[in-house]
Amino acid sequence: MDKPHKLCQNPTHMDERRAAGDDPRLNHWADHAAARTLAEHPGREVYTCAAGITPSGVVHVGNFREVITVDLVARALRDRGVQVRFIYSWDDFDVFRKVPAGMPKRELLESNLRRSIVDVPDPYGEHASYADHHIAAFESSIAPLGIAPEFIRQSKRYRAGTYAQGIHTALERRVAVRELLNLAREETTARSRLGEEWLPLAGFCGACGRDELDFELSDDPWIVRYRCTSCDHRRAVDLREGGDLKLPWRIDWPMRWAYEGVCFEPGGKDHSSAGGSFDTAKRIVAEIYGGEAPTYVGYDFVRIKGRAGKISSSSGEVVTVADCLEIYEPALLRWIFVNYRPNTEFQISFDLDVIKIYEDHDRMWRLAHDADDGSKEDAKRLTARRVLQLASVDHRRIEGGAPAPFLPPFRPLSMILQVYDGDIDRVVAHYVASGEARTAEEQARCRQRALCVWRWINDYAPDEFRYRIRDAAIVRPLADEEALALGRLAAVLRAQPEIDEPGLVPTMKALTEGTSLDNRAFLPVVYDLLIGREKGPKVTTLISTMTAPRALALIEPSLAARRAT
């Protein structure tokens, strides 16, 4: 896993502290963005934070970066005592331009190209439309993360006539809009200028549903005529009645800023360059709609370790939030994103790095619960508490010196899971019996983590990490000294069937005394008899978890065969 940006680790520089206000606990980049939002949009009764995407394909974990960026800033604003509205726009009224790789019923989808995404049938046959399918999957995946925005379907807004005034204003000021867009074209692209006949309109034919329309204005400023170049359908549309006309995206975006009163919205780095779409939108919202551009944070790409390039829905090989939640419990997945500044690129891993990510999280978890002692470590503790509060699903604040609720460490948990063959109930019972998982909340968190770790073992762990307790004993030939050491172990297990790990530790040290063997040479014998490998988890942990009688049943046949000879 990439290292977090230094300022995320230590966000207490004096200029940023002043920007965050007087409360030293508000020390995260989201707090600085919230402070800037308040400063740039003072006196708002409600601070509207916005995100959105076109559901043209599977909504992947890279798209999630925008959602959680807004969620974090919304939380930081609420922590300052202001009222926040978090909206998420589904741009499902956009055109369906390309069939992503891996989609079923490609011919069906290809026959619907150039139509609105909301009007494309669901190739899976599960929802009312192609858009609905992808929307439902993403909305259900972010619910466990404690993210609950107000979802807005732009197809419904446009078709209801909600944005009639916004379209009317763009048409009325079309010359100014055209010049602003041409200015951007001159600054950033080699595209030709928009001609005088250009109108700030897009939409779909009422007959064939395609977006290949020629527009014409009428004497009535609310009436627009179009001709479909695909099917030659002609129609006059009253903007006030809604329908299938809309604004092009570069005008639609700032129009909605003004309509919703958006105060904060992030954007991908492809929108963030000088003279790019955000800069153009800033001019349009101010000069055409008389509104303000939101406070803006640009975010970088999220990549999947082992893959080149950014995640793309069109490639068909995407990783979703739901995929990540199979391996990372919700607070861990949030923590990964919280731990990086938005303008920092990072990777999400599914290989052995998963262990390190869990261990890094748990290390911060313990640090956050430590009591302050007046040392330099207090600043790190303060940062850890804020990071973990923002990472938590319920935004719970950690108080220094409070006992840290139990989290089962990844490596021992993975061993216990394999000893119990993935029986989650037995794993939880193990931690209850050990006195570690005491409360219902600790037991629930233990269960949740166990499910994630077990999925990782089965789906992603390398072969050398996986093992199973033998279902039946084998008979292994034993050399004299191997038989002596193994007999000593069997005698202890026979005499103390309830022996625990602390009781086993001194036994393991004495097994090879008086022989030429050491544990490095002898323990492969034990591992082979118990799990069929030369290496494995710590033997004392393995035997105490699987219980002495179960281990003894796998050890004794080889000893019996040795005695018989």
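The values are calculated or read from the model by the stated rules, or taken from the named source; none is laboratory data. Just so we're clear, the structure is a prediction, and the values are computed from it rather than from any experiment. Cβ atoms come from the backbone with ideal geometry, glycine included; neighbour counts cover every protein chain shown. For the accessible areas, the whole protein counts, side chains as well, though only heavy atoms, and no ligand, DNA or RNA atoms are used. Shrake-Rupley method; radii C 1.70, N 1.55, O 1.52, S 1.80 Å.
Every helix of 4 or more DSSP H residues in the chain counts as -39500 (n - 2.57), and over all residues that averages to -14500 deg cm²/dmol at 222 nm.
Per residue, the solvent-accessible area of the chain (1.4 Å probe, heavy atoms of protein chains only, all protein chains present) comes to 45 Å². Could you pull out which residues in the range 521-549 have an amide N less than 15 Å from a spot 7 Å beyond the Cα of R476, following the Cα-Cβ vector? Within reach of a label on R476, which here means backbone N under 15 Å from a point 7 Å along Cα→Cβ, the range 521-549 contributes 521-540, 542-543. Comparing H133, V432, A286 along the charge dipole axis of the chain, the residue lying farthest to the positive side is V432, per the Cβ-charge model.
Quick one: if the Förster radius is 25 Å, what FRET efficiency do A286 and F151 give, using the C-beta to C-beta distance and rounding to 0.05? So the FRET efficiency works out to roughly 0.35.
For the range 522-565, just say rounded, prolate or oblate: build the C-alpha gyration tensor, square-root its eigenvalues into a ≥ b ≥ c, call rounded for a/c under 1.5, and beyond that prolate if a/b exceeds b/c, oblate if not. In terms of gyration-tensor shape, oblate. When the accessible area of the chain is split by element with a 1.4 Å probe, what percent falls to carbon and sulfur? Carbon with sulfur: 49 percent of the solvent-accessible area.
The residue among G536, P524, V492 whose Cα reaches farthest toward the positive pole of the charge dipole of the range 478-551, with charges on the beta-carbon of Lys, Arg, Asp and Glu, is G536. Of the labelled figures (i) 107, 61, 42; (ii) 71, 61, 53; (iii) 109, 54, 50, only one reflects Cα extents along the principal axes in Å as derived from the coordinates, namely (i).
For D500 and D353, compute 0.36 nm times the residue count separating them, minus their Cα-Cα distance, and round to one decimal in nm. The partial results should precede the final answer.
Details: separation 147, 0.36 × 147 = 52.92 nm, distance 3.08 nm.
Net length gain for the segment: 49.8 nm.
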